[in-house]
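Below you'll find the structure, written out as structure tokens, and then a few comments.
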Amino acid sequence: MDVSLLVRLILLLPLVGALVNGLAPLFLPSLRQSEGLIGTLGTAVVAIPFALTLYLFMTYGGDPVVVDFYTWMAAGDLSLDFAYRVDELSLIMTLIVTGVGGVIHLYSVGYMHGDDGFWRFFAYLNLFIFAMLNLVLANNLPVLFLGWEGVGLCSYLLIGFWYTDLSNSAAANKAFIVNRIGDFAFLMAMFLLFSELGSLDFDVLLNEGVSALSASTINWAVLLLFIGATGKSAQIPLFVWLPDAMAGPTPVSALIHAATMVTSGLYLLARLSPLVLNAPVIMAVIAIVGALTAIMAATIAIAQYDIKKVLAYSTVSQLGYMFMAAGVGAFFVAIFHVLTHAFFKACLFLGSGSVIHSMEHVEHELEHEHGEDMSDFDPQDMRTMGNLGRFMPSTSATYLIATFAISGIPLLAGFFSKDEILFKAFEYGFNGHPYAWFVWGVGIITALLTAFYMTRSYVLTFRGSPRWPKPDVVHPHESPTTMTAPLWILAFFSVVAGFIGLPAVIADGKWNLIHHYLGAPYGGPVAEPELAAHVPLALEWGLIALGSLIAIGGVAWAWRSYSAHGVAYDDRLQARLGSLYDWWQGKYYWDEAYDRTVVRPLLEGSRQGLWPFDDYVVDGAVNGVARLAQGASGVLRRLQTGVVQNYALAIVLGVVLVIGLMLFG
Amino acid sequence: MDIPYLTSLVIFAPTVGALLVLLMRSVDAIRWTALGTTAVTFLLSIGLYVGFDPSGSLANGPQLADLSAAWFPDAIDIKYFVGIDGLNLLLVMLTTLIGPIVVLSSWTYIESKHKGYYSLLLLLQTGITGVFCAFDLFLFYIFFELTLIPMYFIIGIWGGKERIYAAVKFVIYTLVGSLLMLVAIIYLGYQAGNAVNAGVFTADWYTLLEYNIPLGTQTWLFFLFALSFAIKVPLFPLHTWLPDAHVQAPTGGSVILAGVLLKMGTYGLVRFCLPLFPNVAQEYAMLFAVLAVIGIIYGALVARVQPDAKSLVAYSSVSHLGFVVLGIFAFTPEAMQGAIIQMVNHGLSTGALFLLVGMLYERRHTRLMDDYGGIAKSVPVLTFFMVFSVLASAGLPGLNGFVGEFLILLGAFKSTVVGSPVLIALATTGVILAAVYLLWMVYKTFFGALTNEANRDMADMNGREFALMAPLAALMLIIGFAPNPFLQKSEAATDFLLETMETKRMAVQKAADEAAPVAERLEITPDAAVDNAK
């Protein structure tokens, strides 16, 4: 089949799905209840593109193919096409987006069953896939930006999906606006690059751009794009929207706020890796920001009770790992971690969704059949869970697998990708980049914390004794197959996905398939730095052993502590750590700080400064002039005597004056 | 099909309609006549769009031109001279499109004195179309002033509580500007006549273009023109008539005001201020760019704290038109074409926002956002169109607003005249702020629990309202994804304009240098010359 046609289908099918699912029920309310139709269409328009992408992937010949649809806008030097690029990097990303996306669409059929907005949900989800595909397939920065803002829009729509609760809409606004701050930097980067190069096409940027641009231009451009990435990919200082984004339905958290959209920043850096490598100072910034974000979010995750909040901060933390990788030049490893993370984090989120779903049933049953007052009950609070494993075996088992995967238990997916990141940081430090040592150290500590807080969430949720009211009478149920099947699919890949990136100790890196696929030395699009010094084999084995020990140690520590003490172990932690723990629980008070330093001053300044200024000073001046004129006309009015002769005299004088001016002026 | 005098037909068909309206008796006949007239005018204008050849050179005169003999032959060269070029085509189309939409939006909103309202509306359309099409400066002025009177009555008679204050303020404010412009026109006409038209006063755009105005004269002429247009735009700090006028005007008036009337200001800057006074325009470009950027940020911040939805949208216009002015004074083709398409974009999306706020007002007779909240549940279709228009207005890629803003900022950044990275960065923050105040409006008005019982039974959009919103939404999407056919229309004209300006600028500068007193030139001592060479 023709590549151009395939790309068209891959891109447009989700759009068709979005339009049909969105507009038809909007204008024909009778269609809104047709869940079967809407769910089938919504899932099919993602599943078919997945199959088509798989075909493209299998038949890909190794040379990038650019599919040019038509000219988007042309003015002056700018000539911008709707052009898409099929190469190793975009294929991998498209597979993740449509693959994980398809599974989550399927899951949503069950999860959203009975919701009034079922149709809207699928319309938004389809639209999201369309935007995300634009992002990863674009052949120039503006089309990428179209996808970039498009996914932001869908994120906004889906976070605020249950809009009757105003706090959801507030979270949606926050997400959109914080992302826009990042997008502002993205725009500036485009303006800068265009003014220097006269083009924003990847072919120009990555070939001529690397040689033609001055070092300071590249530094600025990469810095600005990275700021854009901190918005979309939730890094310091713009990560604050992501935890709030959990207000959206859980499949959204899995798809958008874990597996795909939030990894866009990494995709951007990997796509522009030849450029990024020429900005070594900014690379250090990227790595350090990633490291600080990773450890900060991990510590916050330890002290959260909301199961989705734990996963949200965990996502922020894992994204930090990916930026560490990018910052030490290991872009392909960042993409590797994007891939493995997509599986285990989606699995965890969908698992938490399954849990929340059943806890909501518990709440409902207690309230309506047992007359309990459930107004304080939070179905996402792990303090009210416990021993769910007994009732929800599939959810429990898959959650455990994914927990082990993210913790880096040997041979599971996260083990390979996270260890590779740490190794690359170590190696970069070994090659004379001292900041990479710092990054490595932070990465090791964060790995321990990750294993700890994830195991904590598993044990508190699925083990121990039940903590909801009347546990003997009311108990949760396993979710339907449309929900558990996706969990098993994702759990399966959380186990095996790591094998595409076996470390260098095995056959000298011959089996690091993803490296061979993406890496520039092997003809791929993802550049990497040339490293002269190699880490000795024994040391590398040692690092792997260290990583494994840390993961196992973290899991064991949390497992023992929380199995023995349950939720009470948090109090022990708090007692031991004191105010540090309070900072974790308070999320380091970022929101409060922003509120005090940015939001309030701007709002109050506008309300109490600018608006009155506009009314009394700017408009006051206008009205003042008017009043002055009125006063003056009171005087002048006396000239209007009504006597025609006076007017005639004035006219004559005027004419004389004009003629005089014309003659002598 | 070639229709003779097509441009004039498009201008004056609404006037004919206005006369017909006066003959009608029943309210229905009045409305349908108005709708029919504006619809026919729109169809006629499609002929302009089709007949316009974007590759045609502007140097030989406008296309589809209608030209009369001079009204006072040999004495004063003022004539009826209208035509279409790349600078006005899209604005004319926008005006004819907004025409029927405004009539439809007034259908039930206007409850009294129908005859007067619709005839004034139609007359106003003639004035605006005339402004865009005139190639004679004096004719331009006549049309420019012609728009003032109908708008005055529309605000003053069918407006809200403070309508008289708003209407008078609108008229006096703009009149002050335009009278100053009249002085400038007369002076310019005589000077140009003496210089290039055998001593005969001229107002012909092309003849005026031939005249390279000396630097000193250029300065004050430019400022008289620019002041008049800046008030119309409105450029900060001359904007305070706008919120008053918008809040008080009936929906139809607001839509025309925001949709097309304000563009007379930005269009005037492009058509007259830049090519006639290129040296001064360039010299003071930074001043205008800075005021534009202040307007972008200031308008946005003040918009955010408005309790009244209509007032919020009004201030958003101050912010959005700042982008257009910035684009105009960047002197790059990207920014200029961006500014032209952004005029259209703003007309579509802000027009849509005013229409939607008007629909809410018609249902609940309040514009305070506090009186709403959670109405998405009762009016899903209206909510859809509101969110859609808000996103277009906030410059979401894929919708129209992005195209204009992107081109303007891209072109301004690379501009040698206003391309200070800090300034463009400040302008670009407008993209963040637009999201802040527009999403706030949606949040306050449409989301949350439906607390006010009065809103529970609000009717969703009816067929008529859908019919007037759908074309706007469709155009926002089309321009968002396929703006190029529209951009191409202004390409040749933009190139001509920028080239002409540069040629004229050099010529004037050269003349000024040569005319400089010998003593001044001698001030360059050999030492200084050596320094310069370094």
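Quick look at the values:
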{"item": "Test: residue in the stretch A:10-19 that is of a type in the set (Val, Ile, Thr) and out of contact with any Lys or Arg (no Cβ under 8 Å at 6 or more places or on another chain)", "result": "yes"}
{"item": "Matching residues in the stretch A:328-383 - criterion: being of a type in the set (A, V, I, L, M) and more than 26 Å from A:Gly443 (Cβ to Cβ)", "result": "A:Leu350, A:Val355, A:Ile356, A:Met359, A:Val362, A:Leu366, A:Met374, A:Met382"}
{"item": "Those residues of the stretch B:91-112 which are outside any helix (DSSP H, G or I) and within 13 Å of B:Arg31 (Cβ to Cβ), in sequence order", "result": "B:Trp107, B:Thr108, B:Tyr109, B:Ile110, B:Glu111"}
{"item": "Subset of the stretch A:471-527 [modelled with pLDDT of 90 or more and of a type in the set (Ser, Thr, Tyr)]", "result": "A:Ser479, A:Thr481, A:Thr484, A:Ser494, A:Tyr517, A:Tyr522"}
{"item": "Top-ranked residue in the stretch A:116-130 [being touching a Pro at 6+ places or on another chain (Cβ under 9 Å) and crowded, with 24+ Cβ neighbours inside 10 Å; ranked as farthest from the other protein chains (Cβ to nearest Cβ)]", "result": "A:Leu125"}
{"item": "One residue from B:Ala281, B:Ala303 being within 12 Å of another protein chain (Cβ to nearest Cβ) and of a type in the set (Gly, Ala, Ser)", "result": "B:Ala303"}
{"item": "Residues of the stretch B:292-322 satisfying the condition of being without any contact (Cβ under 8 Å) to a residue 60 or more places away in the chain and either surrounded by fewer than 24 Cβ atoms within 10 Å (Cβ to Cβ) or touching a Gly at 6+ places or on another chain (Cβ under 6 Å) (or both)", "result": "B:Ile294, B:Val305"}
{"item": "Any chance B:Thr108 is surrounded by 22 or more Cβ atoms within 10 Å (Cβ to Cβ), of a type in the set (S, T, N, Q) and at negative phi", "result": "no"}
{"item": "Where A:Val151 falls short, out of the listed (1) in a loop (DSSP other than H, G, I, E, B); (2) buried (at least 24 other Cβ atoms within 10 Å of the Cβ)", "result": "(1)"}
{"item": "Test: residue in the stretch B:174-185 that is of a type in the set (S, T, N, Q), under 21 Å from the mean Cα position of the chain (by Cα), part of a helix (DSSP H, G or I) and within 16 Å of B:Leu242 (Cα to Cα)", "result": "yes"}
{"item": "Test: A:His370 is more than 30 Å from A:Ala520 (Cβ to Cβ), surrounded by fewer than 24 Cβ atoms within 10 Å (Cβ to Cβ) and in contact (Cβ under 8 Å) with a residue 12 or more places away in the chain", "result": "yes"}
{"item": "Listing of helices (runs of 4 or more DSSP H) fully contained in the stretch A:351-448 that carry 2 or more residues being among the charged types (D, E, K, R)", "result": "A:413-430"}
{"item": "Enumeration of residues in the stretch B:425-478 that are at the interface with another protein chain (Cβ under 10 Å from one of its Cβ atoms), within 30 Å of B:Phe413 (Cα to Cα) and either of a type in the set (Val, Ile, Thr) or not in a helix (DSSP H, G or I) (or both)", "result": "B:Thr428, B:Thr429, B:Val431, B:Ile432, B:Val436"}
{"item": "Test: residue in the stretch A:535-549 that is at pLDDT 90 or above, under 31 Å from the mean Cα position of the chain (by Cα) and among the charged types (D, E, K, R)", "result": "no"}
{"item": "B:Ala69 touching a Ser or Thr at 6+ places or on another chain (Cβ under 9 Å), at pLDDT below 90 and surrounded by fewer than 24 Cβ atoms within 10 Å (Cβ to Cβ)", "result": "no"}
{"item": "Lone qualifier among A:Ala47, A:Ala74 - being surrounded by fewer than 20 Cβ atoms within 10 Å (Cβ to Cβ), more than 14 Å from chain B (Cβ to nearest Cβ) and of a type in the set (A, V, I, L, M)", "result": "A:Ala47"}
{"item": "Candidate set from the stretch B:129-174 (those that are touching an Asp or Glu at 6+ places or on another chain (Cβ under 8 Å) and not acidic (Asp, Glu)); member that is surrounded by the most Cβ atoms within 10 Å (Cβ to Cβ)", "result": "B:Leu137"}
{"item": "Test: residue in the stretch B:146-161 that is under 22 Å from B:Pro243 (Cβ atoms), among the charged types (D, E, K, R) and within 14 Å of another protein chain (Cβ to nearest Cβ)", "result": "no"}
{"item": "Matching residues, the stretch A:576-616, being within 14 Å of another protein chain (Cβ to nearest Cβ) and in contact (Cβ under 8 Å) with a residue 60 or more places away in the chain", "result": "A:Tyr594"}
{"item": "Meets criteria (over 30 Å from A:Ala212 (Cβ atoms) and either surrounded by 24 or more Cβ atoms within 10 Å (Cβ to Cβ) or in contact (Cβ under 8 Å) with a residue 60 or more places away in the chain (or both)) for A:Val281", "result": "no"}
{"item": "Residue that is farthest from the other protein chains (Cβ to nearest Cβ) [pool: residues in the stretch B:413-422 that are surrounded by fewer than 19 Cβ atoms within 10 Å (Cβ to Cβ) and assigned to a helix (DSSP H, G or I)]", "result": "B:Val422"}
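Yes/no matrix, rows are residues, columns are (1) more than 21 Å from A:Glu88 (Cα to Cα); (2) within 14 Å of another protein chain (Cβ to nearest Cβ):
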| site | (1), (2) |
| --- | --- |
| A:Phe186 | yes, yes |
| A:Met190 | yes, yes |
| A:Phe226 | yes, no |
| A:Trp241 | yes, yes |
| A:Arg271 | no, no |
| A:Val276 | no, no |
| A:Ala284 | yes, no |
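The values are calculated or read from the model by the stated rules, or taken from the named source; none is laboratory data. Worth saying up front: this structure is predicted, and the values here are computed from it rather than measured. We place every Cβ from the backbone using ideal geometry, glycine too, and count neighbours over all the protein chains shown.
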